[in-house]
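The values are calculated or read from the model by the stated rules, or taken from the named source; none is laboratory data. Since this is a predicted model, take the numbers as computed values, not measurements. Cβ coordinates were reconstructed from backbone atoms using ideal geometry, including for glycine residues, and neighbour counts include every protein chain displayed. The protein model used for the area step is the full one, side chains on, heavy atoms only, and it has no ligands, DNA or RNA in it. Shrake-Rupley method; radii C 1.70, N 1.55, O 1.52, S 1.80 Å.
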Amino acid sequence: MTIEKEPALDDVLLKPLVEDALAEDLGRRGDVTSQATIPADMQAQLQIKARQSGVICGMDLARLSFALVDANIEFVAQVQDGETVAAGAVLAIVRGNARHLLTAERTALNFMTHLSGIATATRQIVDSVAQYPAQITCTRKTIPGLRIVQKYAVRCGGGRNHRLGLDDAILIKDNHIAIAGDIKTAIEQAQHFARHLIPIEVEVDTLEQLEQALEAGVSLVLLDNMSPEVLSQAVAMCKGRAKTEASGGITPETVQAAASTGVDFIAMGYLTHSTTALDIGLDFSA
């Protein structure tokens, strides 16, 4: 499966995240270990290396981590976000003041290992369901403050984003329905509010609710926590009437069963809350 290159995020969006991370790490006194052990004017060259194979993400965050500590550090990228690399691959070469290189190390690697882990897991899942029409999407189950880059990592892995935030679209869930009174009332109120500009999706967990939502004229339904058998029935009911999205605790072990039902999208909170970091290190290069 061919994955199109994801356009990079602008530095203006990334810089505040890196500044906050560096400030957290530097604390009140800065990098006392590097200050204590390395001469102030010593220069060094180090390599960022992948210790596992995977899909890389977070290169610009790493570059900014070094640049914000020391604008004179040279960061020479060897790969781009979204590229698949083998274990041992050199991802970037960094040169400059040795103290400053080590000061920025952990922040740069924290971003890269976390986001590369998301991108790698997403690519694996996308590849595992490539024979089906379903597209893999993420959710709003993200680390506070990191949503924009976590969702970017999903895109680098070949996935798609669901809502970035509450203002993107109307998603009527079970509590909205319960408080509104019933599904028909909730949908009608949403349609009146949205007009033609805001998309509306309705979450259902039974076929009865699904029929009510379809009769109300929704064009996208979130089929929540349905077994593959019920999901297949739901997809059949929606054919020609609405797009379908499966959700509810879907994992790498269960995603193929969901995809085989013919759903259009599969929402996976797993991508941003349960993936494993990719092992990436910074090694001294003499």
Practice problem: Test residue 33 against the stated conditions and say whether it is outside any strand (DSSP E or B) and touching a helix residue (DSSP H, G or I) at 6+ places or on another chain (Cβ under 6 Å). | Solution: no
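Taking the conditions exactly as written (loosely packed, with under 15 Cβ neighbours inside 10 Å, touching a residue at least 12 places away in the same chain (Cβ under 8 Å) and at positive phi), does residue 58 satisfy them or not?
no
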Quiz item: Could you say which residue among 122, 139 is among the hydroxyl-bearing types (Ser, Thr, Tyr), touching a residue at least 60 places away in the same chain (Cβ under 8 Å), surrounded by fewer than 20 Cβ atoms within 10 Å (Cβ to Cβ) and more than 20 Å from residue 71 (Cα to Cα)?
Solution: 139
Exercise. Being part of a helix (DSSP H, G or I), open to solvent by less than 70 Å² (accessible area, probe 1.4 Å) and modelled with pLDDT of 95 or more narrows it down to one of 277, 246, 234, so name that one.
Key: 234
Quiz item: Looking at 180, 194, 130, which one is aliphatic (A, V, I, L, M) and without any contact (Cβ under 8 Å) to a residue 12 or more places away in the chain?
Solution: 180
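Looking at residue 216, is it more than 27 Å from the chain's Cα centre (by Cα) and surrounded by fewer than 21 Cβ atoms within 10 Å (Cβ to Cβ)?
yes
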Practice problem: Might you check whether a residue that is outside any helix (DSSP H, G or I), touching a residue at least 40 places away in the same chain (Cβ under 8 Å), in contact with a Pro (Cβ under 9 Å, 6 or more places away or on another chain) and open to solvent by 40 Å² or more (accessible area, probe 1.4 Å) occurs anywhere in the range 250-257? | Solution: no
Self-check item: Which listed residue, of 44, 98, 77, 23, is loosely packed, with under 13 Cβ neighbours inside 10 Å, more than 17 Å from residue 157 (Cβ to Cβ) and at pLDDT 95 or above
Solution: 23
Quiz item: Taking the condition crowded, with 16+ Cβ neighbours inside 10 Å, among the hydrophobic types (A, V, I, L, M, F, W, C) and at pLDDT 95 or above, does residue 267 pass?
Solution: yes
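Working only within the range 82-95, note down all residues that are open to solvent by 20 Å² or more (accessible area, probe 1.4 Å) and in contact (Cβ under 8 Å) with a residue 40 or more places away in the chain.
82, 89, 90, 93, 95 - these are the residues of the range 82-95 that are open to solvent by 20 Å² or more (accessible area, probe 1.4 Å) and in contact (Cβ under 8 Å) with a residue 40 or more places away in the chain.
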Quiz prompt | Of residues in the range 185-206 being of a type in the set (D, E, K, R) and within 19 Å of residue 245 (Cβ to Cβ), the one most open to solvent (accessible area, probe 1.4 Å) | solution = 205
Quiz item: Under the condition of being under 18 Å from the mean Cα position of the chain (by Cα) and β-branched (Val, Ile, Thr), which residue from the range 142-178 is surrounded by the most Cβ atoms within 10 Å (Cβ to Cβ)?
Solution: 154
Practice problem: Output the number of residues of the range 146-168 satisfying the condition of being out of contact with any helix residue (DSSP H, G or I) (no Cβ under 9 Å at 6 or more places or on another chain) and of a type in the set (A, V, I, L, M, F, W, C). | Solution: 1
